[in-house]
1. Sort the following peptides by mean Cβ neighbour count (other Cβ atoms within 10 Å, averaged over residues), highest first: 43-55, 208-220.
2. What ranking do 129-138, 11-20 get when scored by the average of other Cβ atoms within 10 Å per residue, highest first?
3. Which order do the peptides 172-184, 228-240 take when ranked by the mean count of other beta-carbon atoms within 10 Å per residue, highest first?
4. Which of Ser268, Ser252 comes first, and how do the rest follow, when ranked by fewest Cβ neighbours within 10 Å?
5. Testing the spin-label approximation: label points 7 Å from Cα along Cα→Cβ at Asp265 and Ala102. State their distance in nm.
6. Rank the residues Asp111, Asp288 as a footprinting-exposure proxy: fewest other Cβ atoms within 10 Å of their Cβ go first.
7. Calculate the radius of gyration of the Cα atoms of the range 188-294 to one decimal place, then report Dmax, the largest Cα-Cα distance, as a whole number, both in Å.
Amino acid sequence: MKTLRIGGFRIDRVVETEGPFAALDFLLPGVAPELVAANADWLQPRHVDPVDGQAIMAFQSFVLRTRRHTILVDACVGNDKPRPQRPTWHLQRGPYLERMRAIGVAPESVDFVLCTHLHADHVGWNTRLADGRWVPTFSNARYVFARPEYEHWERAHRDALASGAEPPNHGSFADSVLPVVAAGRAVLVETDHSLEDGVRLEAAPGHTPGNCILHARDGADHALFVGDVLHTAVQLADPALSSRFCSDPTRSAQTRRALCERYADSASTLLAAHFPTPVAGRIVSHRDAFRLAD
């Protein structure tokens, strides 16, 4: 993705990994092969590998620079995180911070870290390993968590501890969220919170209970960071398809369709957490659903 300009705002991305993720019918249970075939002209090979049907996905953050603040949107998987149930994430070592510095952003210059939700692949770089302890990676930032989202996972974490069950989210609440709280860097906000003029949250429940999207608007220009409301562009072709990672598939589908209908054929720039290069696009009407246009 090239640097985007939204009025006077600047948006860049920081890629952790990109490539085939999983079979499309694993990611989207119930997806019909005919759906991809009917939309192959725009889905393949960018979003779906035409040979083996793998979903092509990126794990990435977006850096939004306004006139006042530098805002990191979602924090990927992270380095050194124990994720044995997901081998490609387990104890990975990658040049994420170096890539961030390459776009002119040092960790200490980040003012806000905004997690659209608290799944493991959106919170990992909240913390880094230092002398055997997890400490905030962005030492001067305020970490913004939607209150309903935080409270949901805090309960799940507490219940798992009490019962001796496996911790939720691959243990990411313990190693990537709670250390931020302990350091006094977390801020719990409502799902309509504004970080500054033109930058605000909106509730988008379904993928997780407190899932949010982030709007960036300056003048006539508008971008929306939708996190995992859309895991893959295939869901534009059929918004009823929720991923296997959605906690409430029915509500997720309702949220996704409403978003598509609201922004279809507008000039708004769509930025989804896992869309592959070149990432940014617009939602346009297509047949009886939607597609992504560059």
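Every read-out reported here was derived from the displayed coordinates using simple, explicitly stated rules and does not represent laboratory data. Values in this document were obtained by computation on a predicted structure and should not be read as measured data. Positions of Cβ are backbone-derived with ideal geometry, glycine not excepted, and every protein chain shown enters the neighbour counts.
1. Averaged packing, sorted descending, gives the order 208-220, 43-55.
2. In decreasing order of mean packing, 129-138, 11-20 become 11-20, 129-138.
3. Ranked by mean Cβ neighbours within 10 Å, highest first: 228-240, 172-184.
4. Ranked by crowding around the Cβ, least crowded first: Ser268, Ser252.
5. If labels sit at Asp265 and Ala102, their model points lie 4.0 nm apart.
6. Fewest-to-most ranking of Asp111, Asp288: Asp288, Asp111.
7. 13.2, 41
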